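Below you'll find the structure, written out as structure tokens, and then a few comments.
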Amino acid sequence: MTQSYDVIGIGNAVVDILCHSDDAFLDQMEIEKGIMQLIERDRADLLYDAMGEHIRAPGGSVANSLAGIGSLGLQTAFIGKVKDDELGRFYAATMRAAGTDFPNDPMAVELPTTRSMIFVTPDGERSMNTYLGAGADISSADVPDIFDGGKLLFLEGYLFDKDDGKTAFTKAAARMKEAGGRSAITISDPFCAERHRADFQRLIAEDMDIAIGNDVEWMTLYETDDLEAALDRAAEVCEIVACTRSGEDVWVRSGSARITAPVTPTKVVDATGAGDQFAAGFLYGVCAGHDLFTAARMGVTCAREVISHLGPRPHVEMRDLFRAEGLIR
């Protein structure tokens, strides 16, 4: 019997390499604080050699979300591309061991496995330096036939940074539509919204059932400093629109419905993965049939847990937290 999945994701397969740092180190290495920068292979080697004690984990925005969704009990699969090197084998094995299928085995390709050196300062800000290796070269040829019975496809905006990624994105969305499922997108970051504004607006209007972003991403996408106006525009053409607001209450729009999910102030140890785990909880809630207020609260709970420690994935059983907060029985 062919395996069917509740949620299938496609995106950049990135090995995250994280360490604590301080502002002086960032200045010394000319790292711009608090953003994701793309770097070349030589600089990736330089920064890796400069890291002290560190941890590594299979990452990538959508992969992190899928790991969270899978830990909550849904069947998940992540479509990504890694080289058959040490980091690529680590990535595939770790994803599978954590319960998310990784249908593409490590490949004999030229570029090394994608990696991101993440420096976390005492204020919880993370400065990401990403080398786009094999993962960024994913194309329609790398999309396996796993969509029958699928319920939701989750896509990341970063795929649009390369033409091959767009073909993978398009093929996966078409296959999920044929299977009778729904599609969701995360805008990924404001620079993605700026670079691909026309494409993203069209996708949200024509192909996506769910769209997730933060306040800056939504305002950048619709070229306005009025967040309400940006979300209203998105909600006119997309079934479900969710917006995180950097520690403030989460806003969700669905048709004329306006939903607010409260956020409790929490000490931030590492903001890495906060948006990814919000998406995990929120999409889990939607897929499991909960109302949007409950789904948004699930997203908030997942984000709150992940910012309390180093690394982009939960360290506790999220279903236990959901029970403690009355979100599930």
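The values are calculated or read from the model by the stated rules, or taken from the named source; none is laboratory data. Computed from a predicted structure; not experimentally measured. Cβ coordinates were reconstructed from backbone atoms using ideal geometry, including for glycine residues, and neighbour counts include every protein chain displayed. These accessible areas exclude ligands, DNA and RNA; they are computed on the full protein's heavy atoms, side chains included. Shrake-Rupley method; radii C 1.70, N 1.55, O 1.52, S 1.80 Å.
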Report yes if Gly34 is under 25 Å from Gln277 (Cα atoms) and either modelled with pLDDT of 90 or more or basic (Lys, Arg) (or both), otherwise no. no
Touching a residue at least 60 places away in the same chain (Cβ under 8 Å), of a type in the set (Ser, Thr, Tyr) and open to solvent by less than 60 Å² (accessible area, probe 1.4 Å), is that true of Thr94? no
Kindly indicate whether any position in the range 165-185 is out of contact with any Cys (no Cβ under 7 Å at 6 or more places or on another chain), assigned to a loop (DSSP other than H, G, I, E, B), at pLDDT 90 or above and β-branched (Val, Ile, Thr). no
Testing Val237 on (1) touching a Ser or Thr at 6+ places or on another chain (Cβ under 7 Å); (2) surrounded by fewer than 24 Cβ atoms within 10 Å (Cβ to Cβ), one condition comes back false. Which one is that? (1)
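For every residue, the table says whether it meets (1) in contact (Cβ under 8 Å) with a residue 40 or more places away in the chain; (2) part of a strand (DSSP E or B).
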{"residue": "Val252", "(1), (2)": "yes, yes"}
{"residue": "Ile259", "(1), (2)": "no, yes"}
{"residue": "Pro265", "(1), (2)": "no, no"}
{"residue": "Asp270", "(1), (2)": "yes, no"}
{"residue": "Gly281", "(1), (2)": "yes, no"}
{"residue": "Tyr284", "(1), (2)": "yes, no"}
Single residue of Ala67, Ala50, Ala24 found to be surrounded by 17 or more Cβ atoms within 10 Å (Cβ to Cβ) and hydrophobic (A, V, I, L, M, F, W, C): Ala67
How many residues are under 22 Å from Ser246 (Cα atoms), in contact (Cβ under 8 Å) with a residue 24 or more places away in the chain and surrounded by 14 or more Cβ atoms within 10 Å (Cβ to Cβ) if we restrict to the range 201-226? 11
Filter the range 290-324 down to residues that are open to solvent by 30 Å² or more (accessible area, probe 1.4 Å), in contact with a Leu (Cβ under 8 Å, 6 or more places away or on another chain) and at pLDDT below 90, then give me how many there are. 1
Selected residue [open to solvent by 60 Å² or more (accessible area, probe 1.4 Å) and within 17 Å of the chain's Cα centre (by Cα)] from Phe169, Phe191, Phe154: Phe191
Restricted to the range 231-250 and to residues being among the acidic types (Asp, Glu) and not in a helix (DSSP H, G or I), the residue farthest from Gly299 (Cα to Cα) is Glu239
Quick check: anything in the range 131-139 in contact with a strand residue (DSSP E or B) (Cβ under 8 Å, 6 or more places away or on another chain) and either open to solvent by 60 Å² or more (accessible area, probe 1.4 Å) or among the β-branched types (Val, Ile, Thr) (or both)? yes
